[in-house]
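The structure under discussion appears below in the form of structure tokens.
Where a number appears in this text, it was derived from the coordinates with a stated rule and is not lab data. Small disclaimer: the values here were computed from a predicted structure and weren't measured. FYI the Cβ positions are ideal-geometry reconstructions off the backbone, even for glycines, and counts take in every protein chain you see.
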Amino acid sequence: MTYSGAGVGREGEKKPYFLINLSVSQIQRIYCKYNFFFIYCTTFLCQGQFPLTQNVTVVEGGTANLTCRVDQNDNTSLQWSNPAQQTLYFDDKKALRDNRIELVRASWHELSISVSDVSLSDEGQYTCSLFTMPVKTSKAFLTVLGVPEKPQITGFTSPVMEGERMQLTCKTSGSKPAADIRWFKNDKEVKDVKYLKEEDANRKTFTVSSTLDFLADRSDDGAVVSCRVDHESLNSTPQIAMQVLEIHYTPLVKIISSNSWPEEGQSIILTCESKGKPVPEPVLWTKDGGELPDPERMVVNGRVLSISFLNKTDNGTYRCEAKNPIGRNSTEYVLIVHDVFNTLLPTTVIPSPTTATVTTTVALTTSTTTSATAISTRDPNALAGQTGPDHALIGGIVAVVVFVTLCSIILLGRYLARHKGTYLTNEAKGAEDAPDADTAIINAEGSQVNAEEKKEYFI
């Protein structure tokens, strides 16, 4: 089989310019070889000659490293160009006059460059080109992070009165992307805040502000309020601004007693604790709305009131008052002086004597006296914690028993001494039938000799 090719002459006629005589088997062999070369090229050579790059993120002011690699390169040139399509490096030859751009490594398989002191204007898409037929390219995006400025807290005017509303604002600029602001009070995060984000004039960075709004309380005095700025460019080291709060408030007053059960003859110390800002002036002590009645026993030393040798007249309401330039406050303590507590309280009961009289020929009167047992009353807790006998208690009981016995003997002896004795009674016989007294006397004269003697004994 003969194949011929033709060209066009000056006059437009076709003229043959080659002539090839090939058989059918030869054409088939050439076709197969061509297909094998095409498949091998596209499968192995073409893939190995494709440039590879990676996106890069760098903090503003830092250094960015751009690397382009080719696994299989048959001595083909590599080139880096910036987002404006300006050539930075062609193989190992520098093309752009920029002192910040330097060559790191140049070979048939790699072209690496570095850009120092990166600015926000350097951000964009960089291109690595492999000059094959056709030219192959790979893109790498350079992201530049804007570092937020150190935050500042505004809106605080020292001092702040208790109950006033406070608005603290934390602000930072120059962050890209927008920074995050968090509030803390004594290391405890405050969630209820306002957040505002604004784009800067360069249309690349942002200004972020946050406002903390609350009512001033005495518990906030001395508290540390901090504003923390978090951003990926800070490498886990946030920027923090702090403000110490100063809150002025009226005094808080409290009385502390040294004796919870004051008794007569004891002493007591009352301490008036006052806390306020500014510091309260010396406290004022009063009793029942007036001055202290006994300055000799009631001594005031600063915030302490000492009362010695307590008695019932000391009962009453004691008032402690403290004040500062913000205001004044007071509290009261009611003092009740108790009786001296006795461990043993003896009680003696002596019943009334009873008399029984028997009337016979001789009348006998007897008297029975009952001695009562001494009853003692004591506090069940008075001897708590003692392991041995209380000799004072035993002696007291013995003394009471002896005393009761002596009293009973004395009363019984006195009673017997006053009622003991004998006497005679004469009854005239026959006087019962006499009509009158004269007749009874006459009838009784003759009977006196035989009169009976009656005796009565009183024991």
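Values as computed for the structure displayed
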item: Two-site label geometry, T154 and R218: point separation in nm, points 7 Å out along Cα→Cβ; result: 3.4
item: Of K94/K136; K93/K139; K171/K277, those spanning more than 29 Å from alpha-carbon to alpha-carbon; result: K171/K277
item: Rh (Kirkwood; distinct C-alpha pairs) - the stretch 51-145, Å; result: 13.2
item: Whether the stretch 152-245 is rounded, prolate or oblate, judged on the alpha carbon gyration tensor where a/c under 1.5 counts as rounded; result: prolate
item: Net length gained if the chain between H109 and E198 were fully extended (0.36 nm per residue, minus Cα distance); result: 27.5 nm
item: Relative packing of 247-256, 312-321, 151-160, which averages over residues the other C-beta atoms within 10 Å, highest first; result: 247-256, 312-321, 151-160
item: Kirkwood hydrodynamic radius of the stretch 250-335, Cα pairs, Å; result: 13.2
